[in-house]
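Quick notes on the structure that follows.
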Amino acid sequence: MTVVEIVLASATELGLADEVQAFLDGTSTDGERLTENLVRCFNLVENELALDYLPLLAEEKIKTDTGAVYFTEFSNAVSKIVKIVDCNGNSLPFKIFPEYLKTQAGEITITYAYAPKEKSISDESDFKAYASVRLFAYGIACEYSLASGMFEEASVWDKKYKEAIRASYRANPAKVMSSRRWV
């Protein structure tokens, strides 16, 4: 999903698609500020989804001689360490400190959740699955309505946004626990 695709969808939901499309086509500069605001709202929604609802996961292989891995060594901004395994696939214990994590020395694979980087109109979203254009459009419409002082509209968009998040949870099999049988 591209940011421009998502911004256009949210502008359509808000009834502002003509202004945004005219700016993107280069036929008018009237929609520039509106488009910038919608991109800002996109960044807020993407960050909120990643940190609160649908975590973005990354995996990196790192070689460490001391067992200390500084957070600056990661490609993304780490929000949570999910697991660390050695080269044989065995889980390793770890301890988190403010600037680094400490685990066993050697070649390790770290799976972690991360916060997405800020995007511009020409970028792509970090979400590849489970978050739809519609989900983003509802979230952006809610943020834009709040920022514009349209609180009743924001309440309606927020309800749609939260329902779309619930639908994403239902579509994500990793979030579903299988039922257990007790004998």
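Coordinate-derived values only; no laboratory data. The structure displayed is predicted, hence computed values, not measured ones. With ideal geometry, Cβ positions are generated from the backbone for all residues, glycine too; neighbour counts draw on all protein chains shown.
Structure summary
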quantity	calculated
Karplus 3J(HN,Hα) series, Hz, for segment 16-23 with 6.51 cos²θ - 1.76 cosθ + 1.60 (x for Gly, Pro)	10, 5, 5, 5, 5, 4, 5, 5
Share of Cα-Cα pairs in segment 56-115 lying beyond 14 Å, as whole percent	47 percent
R0 of 41 Å, Cβ-Cβ distance Phe151-Lys102: FRET efficiency to nearest 0.05	0.30
Karplus-derived HN-Hα couplings along segment 106-120 (A = 6.51, B = -1.76, C = 1.60, θ = phi - 60°), whole Hz, x at Gly and Pro	x, 8, 10, 10, 10, 9, 8, 8, 9, 8, x, 6, 5, 10, 10
Charge dipole of segment 1-158 about the Cα centre (unit charges at C-beta), most positive-ward option of Ile96, Val82, Thr66	Thr66
Acute angle (nearest 10 degrees) that the helix 151-171 long axis makes with the longest principal axis of the chain, alpha-carbon atoms	40 degrees
Scattering curve values for segment 1-67, log₁₀ I(q)/I(0), Debye with Cα scatterers, q = 0.15, 0.22 Å⁻¹	-0.58, -0.91
Debye intensity ratio I(q)/I(0), log10, the chain, q values 0.08, 0.10 Å⁻¹ (C-alpha model)	-0.36, -0.53
Cβ-Cβ FRET estimate between Ala58 and Ala22, R0 fixed at 35 Å, reported to 0.05	0.40
Cα-projected label distance for Asp30 with Lys128, points at 7 Å along beta-carbon direction, nm	4.1 nm
Candidate aspartates and glutamates for bridging to Lys160, where Cα separation is under 12 Å - those fewer than 8 sequence places away on the same chain excluded	Glu13
Nearby lysines by direct alpha-carbon distance to Lys117 (threshold 19 angstrom, same-chain neighbours under 8 apart not counted)	Lys80, Lys128
Karplus-derived 3J(HN,Hα), 6.51/-1.76/1.60, for each residue of segment 132-144, Hz, glycine and proline x	8, 4, 4, 4, 4, 4, 5, x, 5, 4, 5, 4, 5
Packing-based exposure ordering (other Cβ within 10 Å, fewest first) of Ile6, Ile96	Ile96, Ile6
5 angstrom amide H check on Ser79, placed H, neighbours 5+ away	Ala113, Tyr114, Ala115
